[in-house]
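S.K.: Dumping the structure here so I can ask a few things about it.
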Amino acid sequence: MVNFNSIKELIELAKERNTSIGKITMEYEQEHSFDSEEHMLKSMQNNWRVMQESIERGINNKDKSLSGLTGGDAIKIYNHRDESYTGKTVMTAAASAVGVSEVNAVMGRIVACPTAGSCGIVPAAIRTAAEKNHNSEEEILDALFTAAGIGLVIEANASIAGAYGGCQAECGTAAGMAAAAMVQLGGGTPDQVGHAVALAIKNLLGLACDPVAGLVEVPCVKRNGFVAVHSMVAADMALAGVESVIPVDEVIDAMDRIGRSLPRTVKETAEGGLALTATGKAISKRVFG
Amino acid sequence: MRGVFDIVGPIMIGPSSSHTAGAARLGLMAGKILGEPVAKAEILLHGSFARTYRGHGTDKALIGGLLGFSPEDERIRDALEIARERGLDYSFAPIDLGDAHPNTAVFVMTGVNGRQITVGGASIGGGNIEVRSIDTFQIALTGQYPSLIVVHRDKPGVIREISDVLAKHHVNIAFMRVFRRNRGQQAMMIIETDEELTEDIIQDCRSTGVIENAFAVPAI
């Protein structure tokens with residue numbers, strides 16, 4: 001029976017068996033859900049297909065959301081990629097993540113990963129890594145299972161819900177998952193996956209969830225773009241050999257404690273932060289009367 | 001711990017797992033409990049659902065669910081128009097349910113064959129739901145398993161009769177709860193199973209003669 005209660009245990013299991021974190025996660029899921037390996041791979045393949053469709057639709061999206069607040073920015077970012085300061089790869093990743101998030105806002109089909117509010121980050125990061133490394137679909141699915149394993153531990157030991165832990169719980173978890181997937185796709189070790197997760201989450205600790213009018217739009221849509229890029233930097237640092245001084249599981253503990261101590265006004269209540277700015281309040285009044 | 005596909009997944013129509021995907025599942029579950037196409041539905045919204053439903057498309061998702069659309073069905077976006085085309089008479093109204101879960105909806109429904117039922121439930125996060133009332137019974141039902149709902153008199157032996165039927169059909173009980181208003185009065189038994197519940201199982205439950213009604217609700 002495969003069981004893990006921490007990222008450390010997940011890493012140790014992968015090292016002991018000379019396999020990936022993704023494979024350990026798959027084994028865990030198989031034992032707990034009684035699902036067959038074939039069916040699990042098919043489900044994940046389906047998720048990846050929908051993720052790619054949402055990227056394609058997103059970077060071409062001109063639709064506005066129900067509130068009219070978002071829509072049409074991904075295509076602008078994408079078209080600017082050749083003249084950008086950050087370069088084509090980074091801009092494409094940002095456009096992809098913003099695009100998926102725009103698709104979410106216009107009531108299109110996405111894969112919550114781990115949540116709908118953070119749905120652009122992991123797909124954008126994986127697509128970026130897979131294009132650079134020419135990864136096979138098998139490797140991409142393994143990276144998705146790796147990301148899922150990280151998310152499972154965070155969900156168990158902290159939270160993936162903005163209402164409980166603030167945005168660090170949603171976009172922070174997505175960043176950790178995305179960084180883990182990118183390290184996996186770049187041929188990194190299980191230890192490097194752990195450092196990437198730690199680096200990604202550490203630098204988003206304390207992030208408020210203060211969406212304007214309570215909608216998954218401002219600042220969520222553009223934040224997906226920023227966090228996708230953030231996770232790429234974490235993955236690159238880990239692959240370069242940079243280590244997190246604070247071990248990943250302690251970072252997750254810190255995230256949990258910070259989440260508990262954050263005031264409820266910045267935990268998805270739309271009663272604080274950006275939601276309470278003059279413009280935020282005016283938008284809320286316009287949308288809901 | 002939850003599963004891999006709760007973390008990478010579910011596939012859903014945005015924008016919100018609780019206010020859109022969960023709402024669609026809630027509507028879907030309410031429709032399955034009614035057990036026939038919905039002719040009329042008055043939907044009462046409590047808390048955050050009442051305040052923010054338009055911006056999240058919660059209304060479209062709830063109606064889409066009632067029409068039988070899954071949370072990943074792109075027709076949710078157009079659910080209100082589709083409902084009108086199909087002659088589903090719907091309305092929304094706010095309700096104050098005190099300290100009930102902030103994302104609660106109550107469906108007062110009439111089916112095309114005249115069946116009437118009131119189902120209340122909450123979208124409890126990540127697209128997960130819990131049905132918390134059927135008519136005047138306070139219950140708990142997640143929709144993750146096929147469920148057998150039995151209405152019966154609160155008296156000794158009823159549970160054994162029903163579990164005998166399930167055993168005979170090789171159906172394994174995953175979770176089971178019994179709710180009653182008062183001792184000796186009408187009660188409701190909810191049994192979540194690992195296997196699908198076929199019509200002959202439901203008929204066998206009714207044939208026991210010890211219950212008032214039984215119906216199956218598939219997993220969603």
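The values are calculated or read from the model by the stated rules, or taken from the named source; none is laboratory data. Not measured: the values here are computed from a predicted model. Cβ placement follows ideal geometry from the backbone for every residue including glycine, while neighbour counts extend to all protein chains displayed.
S.K.: Out of all the residues in the range B:41-56, is one or more facing chain A (nearest Cβ under 10 Å) and touching a Pro at 6+ places or on another chain (Cβ under 7 Å)?
M.R.: Checked the range B:41-56: at least one residue is facing chain A (nearest Cβ under 10 Å) and touching a Pro at 6+ places or on another chain (Cβ under 7 Å).
S.K.: Scanning the range B:42-69 for residues that are polar (S, T, N, Q) and in contact with a strand residue (DSSP E or B) (Cβ under 9 Å, 6 or more places away or on another chain), which turns out modelled with the highest pLDDT?
M.R.: B:Thr58
S.K.: Looking only at the range A:160-196, filter to residues that are of a type in the set (Val, Ile, Thr) and closer than 16 Å to A:Ser118 by Cα; which one of those is nearest to the chain's Cα centre (by Cα)?
M.R.: A:Thr173
S.K.: Look at B:Arg206 and say whether it is assigned to a helix (DSSP H, G or I) and either under 26 Å from B:Val108 (Cα atoms) or touching a residue at least 60 places away in the same chain (Cβ under 8 Å) (or both).
M.R.: Against the criterion (assigned to a helix (DSSP H, G or I) and either under 26 Å from B:Val108 (Cα atoms) or touching a residue at least 60 places away in the same chain (Cβ under 8 Å) (or both)), B:Arg206 qualifies.
S.K.: Consider A:Lys222 carefully, then state whether it is under 25 Å from B:Gly9 (Cα atoms), out of contact with any strand residue (DSSP E or B) (no Cβ under 8 Å at 6 or more places or on another chain) and of a type outside the set (A, V, I, L, M, F, W, C).
M.R.: yes
S.K.: For residues that are of a type in the set (Asp, Glu) and touching a residue at least 40 places away in the same chain (Cβ under 8 Å), tally how many sit in the range B:57-87.
M.R.: The number of residues fulfilling the criteria is 3.
S.K.: From the list B:Ile134, B:Ile201, exactly one residue is within 30 Å of B:Ser16 (Cβ to Cβ) and either in contact with a Cys (Cβ under 6 Å, 6 or more places away or on another chain) or surrounded by 17 or more Cβ atoms within 10 Å (Cβ to Cβ) (or both). Which is it?
M.R.: B:Ile134
S.K.: Filter the range B:92-119 down to residues that are farther than 27 Å from A:Glu155 by Cα and without any contact (Cβ under 8 Å) to a residue 24 or more places away in the chain, then give me how many there are.
M.R.: Qualifying residue count, the range B:92-119: 4.
S.K.: Restricting the search to the range A:260-276, which residues are surrounded by 13 or more Cβ atoms within 10 Å (Cβ to Cβ), at negative phi and not in a helix (DSSP H, G or I)?
M.R.: Selection gives A:Leu262, A:Lys267, A:Thr269, A:Glu271, A:Gly272.
S.K.: Right, next: Name the residue that is farthest from A:Ile110 (Cα to Cα), counting only residues in the range A:70-87 that are touching a residue at least 40 places away in the same chain (Cβ under 8 Å) and surrounded by fewer than 20 Cβ atoms within 10 Å (Cβ to Cβ).
M.R.: Only one residue tops the list, namely A:Thr86.
Residue-by-condition table, conditions (1) surrounded by 24 or more Cβ atoms within 10 Å (Cβ to Cβ); (2) not in a helix (DSSP H, G or I):
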position	(1), (2)
A:Gly194	yes, no
A:Leu199	yes, no
A:Glu217	yes, yes
A:Asn224	yes, no
A:Ala228	yes, no
A:Val233	no, no
A:Asp236	no, no
A:Val242	no, yes
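S.K.: So, one more: Can you say whether B:Met12 is of a type outside the set (Ser, Thr, Tyr), at the interface with another protein chain (Cβ under 8 Å from one of its Cβ atoms) and closer than 16 Å to B:Gly143 by Cβ, as far as the supplied structure shows?
M.R.: Here the answer is yes, as B:Met12 does meet what is asked.
S.K.: Since B:Asp135 meets every condition but one in (1) in contact (Cβ under 8 Å) with a residue 24 or more places away in the chain; (2) under 16 Å from the mean Cα position of the chain (by Cα), which condition does it not meet?
M.R.: Among (1) in contact (Cβ under 8 Å) with a residue 24 or more places away in the chain; (2) under 16 Å from the mean Cα position of the chain (by Cα), the lone unmet condition for B:Asp135 is (1).
S.K.: With A:Ile21, A:Ile11, A:Ile59, A:Ile7 as the choices, which residue is without any contact (Cβ under 8 Å) to a residue 60 or more places away in the chain and more than 9 Å from every other protein chain (Cβ to nearest Cβ)?
M.R.: Answer to the check: A:Ile59.
S.K.: Same structure again: Quick one: would you say B:Met12 is in contact with a Gly (Cβ under 7 Å, 6 or more places away or on another chain) and either outside the structural domain of B:Ile124 (by TED's automatic domain parsing) or under 26 Å from A:Pro211 (Cα atoms) (or both)?
M.R.: Here the answer is yes, as B:Met12 does meet what is asked.
S.K.: Let me ask something else about it. Of A:Ala93, A:Ala105, A:Ala116, A:Ala130, which residue is within 14 Å of chain B (Cβ to nearest Cβ) and either out of contact with any strand residue (DSSP E or B) (no Cβ under 9 Å at 6 or more places or on another chain) or aromatic (Phe, Trp, Tyr) (or both)?
M.R.: A:Ala105
Here is a yes/no grid of residues against (1) assigned by TED's automatic domain parsing to the domain that holds B:Leu28; (2) modelled with pLDDT under 95; (3) under 29 Å from B:Gly22 (Cβ atoms):
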| residue | (1), (2), (3) |
| --- | --- |
| B:Val158 | no, no, no |
| B:Ile162 | no, no, no |
| B:Lys168 | no, no, no |
| B:Val178 | no, yes, yes |
| B:Arg183 | no, yes, no |
| B:Gln186 | no, yes, no |
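S.K.: Another question about this same structure. Just to be sure, is B:Pro71 under 20 Å from the mean Cα position of the chain (by Cα) and either at the interface with chain A (Cβ under 9 Å from one of its Cβ atoms) or farther than 30 Å from A:Gly22 by Cα (or both)?
M.R.: Spelling it out, it is not the case that B:Pro71 is under 20 Å from the mean Cα position of the chain (by Cα) and either at the interface with chain A (Cβ under 9 Å from one of its Cβ atoms) or farther than 30 Å from A:Gly22 by Cα (or both).
S.K.: Restricting attention to strands (runs of 3 or more DSSP E) lying wholly within the range B:87-186, give those where 3 or more residues are more than 14 Å from every other protein chain (Cβ to nearest Cβ) and in contact with a Lys or Arg (Cβ under 8 Å, 6 or more places away or on another chain).
M.R.: Of the strands (runs of 3 or more DSSP E) lying wholly inside the range B:87-186, those with at least 3 residues that are more than 14 Å from every other protein chain (Cβ to nearest Cβ) and in contact with a Lys or Arg (Cβ under 8 Å, 6 or more places away or on another chain) span B:103-111, B:137-141.
S.K.: Let me ask another. In the range B:108-139, how many are under 15 Å from B:Tyr53 (Cα atoms) and at pLDDT 95 or above?
M.R.: Of the residues in the range B:108-139, 1 are under 15 Å from B:Tyr53 (Cα atoms) and at pLDDT 95 or above.
S.K.: Any idea which of (1) crowded, with 19+ Cβ neighbours inside 10 Å; (2) closer than 27 Å to A:Lys8 by Cβ; (3) of a type outside the set (Ser, Thr, Tyr); (4) at pLDDT 95 or above is the one A:Pro123 doesn't satisfy?
M.R.: Of the numbered conditions (1) crowded, with 19+ Cβ neighbours inside 10 Å; (2) closer than 27 Å to A:Lys8 by Cβ; (3) of a type outside the set (Ser, Thr, Tyr); (4) at pLDDT 95 or above, the odd one out for A:Pro123 is (2).
S.K.: A follow-up question, please. Does A:Ala94 fit the bill of being within 23 Å of A:Ala213 (Cβ to Cβ) and either modelled with pLDDT under 95 or surrounded by 23 or more Cβ atoms within 10 Å (Cβ to Cβ) (or both)?
M.R.: No; evaluated as a whole, the condition is false for this residue.
S.K.: Scan the range A:25-45 residue by residue and report those that are within 9 Å of chain B (Cβ to nearest Cβ) and surrounded by 15 or more Cβ atoms within 10 Å (Cβ to Cβ).
M.R.: A:Thr25, A:Met26, A:Tyr28, A:Glu29, A:His32, A:Asp35, A:Met40, A:Ser43, A:Met44
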